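These notes are about the structure you will find just below.
The values are calculated or read from the model by the stated rules, or taken from the named source; none is laboratory data. Treat the numbers as computed from the prediction; the structure is a model and nothing was measured. Every residue, glycine among them, receives a Cβ derived from its backbone with ideal geometry; neighbour counts consider all protein chains shown. The protein model used for the area step is the full one, side chains on, heavy atoms only, and it has no ligands, DNA or RNA in it. Shrake-Rupley method; radii C 1.70, N 1.55, O 1.52, S 1.80 Å.
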Amino acid sequence: MIRTRLVRLSPAAQTLLNLAACVGDRFSLQFLAEIEAKSPEQLSEHLNEAIRQELVQNVAPVVKPISETSSPDNEQYRFLHDQIHAAAYHLEPAETRLARHRQVGEALLRAGGMQIGGNALFDVLYHLNQIDPGLLTVPERDRIAGLNLQAAREAQLTAAFEHCLSHARSGLSFLHGPQTIDRREPCSPPENSPASTTPSPWSRQYPLTYDLCLLGAQAAYWNLAFDVMDELLAEILKNAKSLLERVRAHEVHTMAHISRGQLSEGIQTGLMALSLLGVTFPPKPRQRHIALGYLKTRLALLGRTPEGLRAMAPIHSEHLLAVFRILKEIDAAVFLSRPDLFPLTVFKQIQLSVKHGNAAESAAAYCTFGLVLGGIMGNFELGTRFGRLALGVLEDFDSRELYPRVHFLNNYFIRPWKEPFADVLDSMLETQRVAVRVGDFEYAAYLLDLHLACSYHSGVPLARLDELAGQYVQRITELGQKRTLRTVQIRWQTIRSMMEPAAEPWRMTGSICNAEALRATMVAAGDTHGQCDLLVNRLILCYHYYQYDEALLCLEGIEDRFGSLAGEILMPLYYFYCPLVHIARFARLSAAQQRLSRTRIRHCRKQLGKWAASSPANYAHKRLLVEAAWAELKQRNDAAREFYDAAIAMAETNGYGHELGLINELAGNFYLRLGR
């Protein structure tokens, strides 16, 4: 019926409406006149036909037809509804519509001038990108490719990654012409045709082709289109002229491996790229390598303060900046699966910064060095100062890209050594939102995972944790971060095992995940930290369900991978539950075994004492409970009573409800044994 009304119009009115439909659902008569190279008055009669047939109306709206005195030039019109717009669009064959789109795009380009950008640029390309590249001259194709690169960059800045990829691929389509890698049915042009003699885009427009391939590969990574990413990176590695350009391709490959949970492959790719830049590490670092690296770093820092390091000049060497970028990209994967290598990568970044000046990536390096100082060396004060230095350097470089990474490291690894965990929870969620906006999906997923971990270990009720875990599993799945998804599933299963105990809940085989299957996946992926995470969660469940022998096996497994716990929340949990497990088993041990257990308990009490002194809100109640259990074992009942009471008070004051329940249970058993 709509098409019948349209074909009743005069041929000139039909042509005008088809042109208007190519412009969009809204249009101005002035713009149509510019495209047709006619005056608005010449076209108004044809538009009047459509208005009288109630196919088009003035946006104002003005319902009466246009008169010669109504000055219609700048008035906006629209099709009455989408079906009319679609029918008008299909009044002409596809070839004619493509020509129309070209006319519209070129007119918009003329109207926008040389500095076109923003929405106007995307409007232009909506039309130009519909043109068959084979119908254009090489200079015309190259010009449209350049506009697509500009649009892809603008889309990247607003985290519109799907549009970024689309424009990058469109740009490459125009550069390659009829033989584009983006066409579904590429055809070879006849011999001696213009396409067959056109120089390759890599020889004709090298910088433009490289930039489109690299940005397209990055956008494909952000969109989880890994096949497209691999194709574009292969193009770069085949055609890139310089070492640094090839290294950029390896950087994207590194990020992609890590996001897919392939930590070992990601680290190997990053180390290979670093070796191309002249930076190498021992293949199997030993303790002497770490000690020597730490000594060299402290010597480099001799006479310098964290505050003074902020004033150093920025690095301008592209070679050094590439080194910093790659070290930044692999730092999390190295932390998670290569604890032997992690300190060396941190020391290298600090040494380079001290020697050559600061890069934006130095902010993340200073944070990880703060992690090493506080979490491994136990120097919480100096570690905190390096955390503040990292935030200052980040502010100086105003790096949106690094904001999530630096704030994640500071909030999770540094602040809790001095501040309550509860104080960092809101900051972690805000940082996670920034990570999504800038396309750092790896750290966006880490932040959700560790927000859940911190919420659990700071006493958020189980029902709320169960709700959060379900939300975070869905969001991390959407982000495509397989490794982090596994750890969130571990936490969720732990929460469910606490809420809905099944047969042998400490084995973590339930509705969310199968712990043994996950462990096998982690071993295959080289995810040492994930294995530790699983063991710590099993340790907690085993202790709460009185499976002390199973808990001891978990402790032994953690100790085999102890370097993976450096500086984070899992380490204090090990030192908290380790003495409790040994105390629970103490009475049935042999004399020799008891001596070993006493040594372990004494070491853990000493370490908990250091943490409790630095951050009493987070660790004082843990230390007090261990002291109470130890005093009870030694039959120092008055001391045990005082420690239990103090532990209860500290847990209540600081909101550690889940550990308050454990303290009350152990204190209740103590008083029952005393007959009280």
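Residue count for the stretch 251-270, restricted to those that are buried (at least 21 other Cβ atoms within 10 Å of the Cβ) and over 18 Å from the mean Cα position of the chain (by Cα): 1. Which pairs have Cβ atoms under 6 Å, sit 6 or more apart or on different chains, and link a residue in the stretch 391-416 that is free of Cβ contacts under 8 Å to residues at least 40 places away in the same chain to one that is assigned to a helix (DSSP H, G or I) and open to solvent by less than 10 Å² (accessible area, probe 1.4 Å)? Correct list of pairs: LEU394/ALA363; LEU394/VAL406; HIS407/THR431; ASN411/VAL424; ASN411/MET428; ARG415/VAL424. For residues in the stretch 34-53 being touching a residue at least 40 places away in the same chain (Cβ under 8 Å) and assigned to a helix (DSSP H, G or I), which is nearest to HIS81 (Cα to Cα)? It comes out as ALA50.
When the stretch 488-538 is filtered for residues that are closer than 19 Å to GLU556 by Cα, over 23 Å from the mean Cα position of the chain (by Cα) and of a type in the set (Gly, Ala, Ser), the ones remaining, listed by number, are ALA515, ALA520. Could you list, in sequence order, the residues of the stretch 632-653 that are open to solvent by 50 Å² or more (accessible area, probe 1.4 Å) and among the aliphatic types (A, V, I, L, M)? Selection gives LEU633, MET650. Restricting the stretch 474-485 to residues that are surrounded by fewer than 24 Cβ atoms within 10 Å (Cβ to Cβ) and touching a residue at least 24 places away in the same chain (Cβ under 8 Å) leaves a set whose member that is farthest from ASP527 (Cα to Cα) is ARG475.
Filtering the stretch 276-328 to residues that are among the aliphatic types (A, V, I, L, M) and under 20 Å from VAL252 (Cα atoms) leaves LEU276, LEU277, VAL279, LEU320, LEU321, ALA322, VAL323, ILE326, LEU327.
A count restricted to the stretch 39-59 and to residues that are loosely packed, with under 15 Cβ neighbours inside 10 Å and under 49 Å from the mean Cα position of the chain (by Cα) stands at 1. Applying a threshold of 6 Å to beta carbon distances and a minimum spacing of six or more residues, or different chains, the list of pairs starting in the stretch 1-26 at a residue that is open to solvent by 40 Å² or more (accessible area, probe 1.4 Å) and ending at one that is among the polar types (S, T, N, Q) reads ARG5/GLN53; ARG26/GLN76. Entry remark, the stretch 5-32: residues being touching a Phe, Trp or Tyr at 6+ places or on another chain (Cβ under 6 Å), farther than 14 Å from SER44 by Cβ and assigned to a helix (DSSP H, G or I) number 1 in total.
Residues in the stretch 429-439 that are in contact (Cβ under 8 Å) with a residue 12 or more places away in the chain and either over 9 Å from the mean Cα position of the chain (by Cα) or open to solvent by 20 Å² or more (accessible area, probe 1.4 Å) (or both): LEU429, THR431, VAL434, VAL436, ARG437, VAL438. For the stretch 60-78, residues that are modelled with pLDDT of 80 or more and open to solvent by less than 50 Å² (accessible area, probe 1.4 Å) total 1.
Residue-wise test of (1) over 17 Å from LEU336 (Cβ atoms); (2) open to solvent by 10 Å² or more (accessible area, probe 1.4 Å); (3) at pLDDT below 90; (4) among the basic types (Lys, Arg).
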{"residue": "VAL424", "(1), (2), (3), (4)": "yes, no, yes, no"}
{"residue": "SER427", "(1), (2), (3), (4)": "yes, yes, no, no"}
{"residue": "TYR446", "(1), (2), (3), (4)": "no, yes, no, no"}
{"residue": "ALA453", "(1), (2), (3), (4)": "no, no, no, no"}
{"residue": "PRO461", "(1), (2), (3), (4)": "yes, yes, no, no"}
{"residue": "ARG464", "(1), (2), (3), (4)": "yes, yes, no, yes"}
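When THR280 is tested against (1) in a helix (DSSP H, G or I); (2) open to solvent by 60 Å² or more (accessible area, probe 1.4 Å); (3) of a type in the set (Val, Ile, Thr), just one condition goes unmet, and that condition is (1). Do we have GLY530 as in contact (Cβ under 8 Å) with a residue 60 or more places away in the chain and not in a helix (DSSP H, G or I) here? Considered against the rule, which asks whether it is in contact (Cβ under 8 Å) with a residue 60 or more places away in the chain and not in a helix (DSSP H, G or I), GLY530 comes out as no.
Residue-level analysis places TYR656 among those that are of a type in the set (Ser, Thr, Tyr), modelled with pLDDT under 95, at negative phi and buried (at least 18 other Cβ atoms within 10 Å of the Cβ).
Against the test of being more than 31 Å from the chain's Cα centre (by Cα) and either closer than 17 Å to VAL354 by Cα or not in a loop (DSSP other than H, G, I, E, B) (or both), the options LEU302, LEU321 yield a single qualifying residue, LEU302. Of all residues in the stretch 588-611, those being open to solvent by 10 Å² or more (accessible area, probe 1.4 Å) and free of Cβ contacts under 8 Å to residues at least 24 places away in the same chain number 16.
Of everything in the stretch 128-162 that is buried (at least 17 other Cβ atoms within 10 Å of the Cβ) and within 23 Å of the chain's Cα centre (by Cα), the residue that is farthest from LEU108 (Cα to Cα) is PHE161. Selection of the stretch 636-671 for residues being farther than 22 Å from PRO420 by Cα, touching a Phe, Trp or Tyr at 6+ places or on another chain (Cβ under 7 Å) and without any contact (Cβ under 8 Å) to a residue 40 or more places away in the chain yields ALA640, ALA667.
A single entry from GLU381, GLU401 fulfils the requirement of being charged (D, E, K, R), open to solvent by 40 Å² or more (accessible area, probe 1.4 Å), part of a helix (DSSP H, G or I) and modelled with pLDDT under 95: GLU381. Could you go through the stretch 549-557 and let me know if any residue there is crowded, with 18+ Cβ neighbours inside 10 Å, under 25 Å from the mean Cα position of the chain (by Cα) and of a type in the set (A, V, I, L, M). Looking through the stretch 549-557, none of the residues is crowded, with 18+ Cβ neighbours inside 10 Å, under 25 Å from the mean Cα position of the chain (by Cα) and of a type in the set (A, V, I, L, M). Tally up the residues in the stretch 27-38 that are open to solvent by 40 Å² or more (accessible area, probe 1.4 Å) and small (Gly, Ala, Ser), please. Here the count works out to 1. Would you tally the residues in the stretch 324-348 being farther than 16 Å from TYR443 by Cβ, aliphatic (A, V, I, L, M) and in a helix (DSSP H, G or I)? Qualifying residue count, the stretch 324-348: 3.
Among the residues of the stretch 360-374, at least one is closer than 24 Å to ILE290 by Cα, β-branched (Val, Ile, Thr), part of a helix (DSSP H, G or I) and open to solvent by less than 10 Å² (accessible area, probe 1.4 Å). So which residues in the stretch 500-527 are in a helix (DSSP H, G or I), open to solvent by 70 Å² or more (accessible area, probe 1.4 Å) and farther than 13 Å from GLY261 by Cα? Within the stretch 500-527, ARG507, GLU516, ARG519 qualify.
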